[in-house]
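**Student:** Pasting in a structure now, in structure tokens, and then I'll have a few things to ask.
No value in this document is a laboratory result; all are computed from the given coordinates. Treat the numbers as computed from the prediction; the structure is a model and nothing was measured. Ideal geometry is used to build each Cβ from the backbone, glycine not excepted, and the neighbour counts take in all protein chains shown.
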Amino acid sequence: MKKSTFTLIIFLIVGLITGIIIGQLLAPVPALAFLTKSVQISWEPKADLQVLKYEFHLLVKLNLCSIIGLVGAYLLYRKV
């Protein structure tokens, strides 16, 4: 099977979603709170050039489960 960038992106998205779902399922367990605590990373570039004005808002919420899902997806991609 030929590896492509598109396949890697699909693997990473599926791994991220899987990690997020596992994190939400583990949220009620108090002993595993360190896995589900999220950190928000925000980036908001803006410009007003009189002819063109734009505002962009990007918010990424990461927790340890989603990072583990990303790493697992990457390792699975390398084995395929």
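**Student:** What are the residue pairs meeting all of these: first residue in segment 15-34, first residue over 25 Å from residue 76 (Cβ atoms), second residue outside any helix (DSSP H, G or I) and of a type in the set (Gly, Ala, Ser), Cβ atoms under 9 Å, and 6 or more apart or on different chains?
**Tutor:** Matching pairs, first to second residue: 33/27.
**Student:** Looking at (1) in contact with a Lys or Arg (Cβ under 9 Å, 6 or more places away or on another chain); (2) surrounded by 13 or more Cβ atoms within 10 Å (Cβ to Cβ), which is the only condition residue 14 fails?
**Tutor:** Result: residue 14 passes all but (1).
**Student:** Let me ask something additional. Does any residue of segment 35-58 turn out to be more than 11 Å from the chain's Cα centre (by Cα), assigned to a helix (DSSP H, G or I) and β-branched (Val, Ile, Thr)?
**Tutor:** yes
**Student:** Just for segment 17-58: of the residues that are exposed (fewer than 11 other Cβ atoms within 10 Å of the Cβ) and of a type in the set (Val, Ile, Thr), which one is nearest to residue 69 (Cα to Cα)?
**Tutor:** The selected residue is 39.
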